[in-house]
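Data block below; observations after.
What follows draws every value from the coordinates through simple rules; no lab data is involved. Only a predicted model underlies this, so the values are computations on that prediction, with no experimental measurement involved. Here the Cβ is made from the backbone with ideal geometry for all residues, glycine too, and neighbour counts use every protein chain on show.
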Amino acid sequence: MIERDVSGQVVAITGGARGIGRATAHACARAGMRVAIGDLDVALSETAAREIGGEAVGLAVDVRERELFAAFLAQVEERLGPLDVLVNNAGVLFLGPFAREDPAHTRAMLEVNLAGVMSGTQLALERFQRRGHGHIVNVASSAGLVGVAGGATYAATKHAVVGFTRALRGELRGSAIGTTIVIPGIVRTEMIGGFRASPATRIIEPASVADAILRALRQERAEVIIPVELGLPARLVAGLPPRLADAIRRALGVDRVMMDADHAARSRYEERAEV
């Protein structure tokens, strides 16, 4: 497969100061891209940018507020030049049965995981359509293909990101603006603190997801599931009749990963995510 040269392109990454976002910033910088790291924690964004060095910049962004997202992109372009790639990576996860979910947690996941992705995409498209090119990467989750008990709202937001990006791909067909959905399984970040282990999937490192994002940009891939071995079962379960799909999830312990999570082990993460 022919790969595009992405060196010199300007990439903005939300949720870029930690986990997948931070690893993606490093991978893009190594590929010669000009990197802007956006995060609610501006001090951590700046630290991550210094770690990368060169032209990398660390900026504040709150994806829940459209005006603040717009200001972030404006700063990116002021500091680095016209935006070529937006990676909508920012996300939050609160666990537990939906019947007892704190409405504030429901709202946070909807605002960050879905509304933030949609706002960022629209703001980026305003720039891309004027210039005739660009690429949007939306980070979803395997929960966006296979609903997972104990994470109903999170799964809903990630299902929506998948559907939204697929619909957008149809709207942009024939243009030079690309979209990619990245669908990771369980990634070793703060977000999976307290998860119950499942034989259904191995835990992967943020760097593996970052490398997959970079490959997708170079190859202009529309959808990426990582780890690779997760792809077939995830798509099969998503398309199977409910009884069979449920039986497979039970057999693999998928529905226990979030339902039986150790909430004490997640307390630090969830306290920070509530900001």
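Odds and ends about this structure:
- Histogram of C-alpha separations across the range 210-275, 10 Å bin width, %: 16, 28, 30, 25, 0
- Among Gly174, Pro97, Ala261 - extreme Cα towards positive end, dipole of the chain, charges at beta-carbon: Gly174
- What separates the Cα centres of the range 231-271 and the range 53-111 is a distance of 26 Å.
- GNM on the chain, alpha-carbon springs under 10 angstrom: the most fluctuating residue among His26, His133, His159 is His133.
- Ranked by the mean number of other Cβ atoms within 10 Å of their residues, highest first, the peptides 172-184, 234-246, 100-112 come out as 172-184, 100-112, 234-246.
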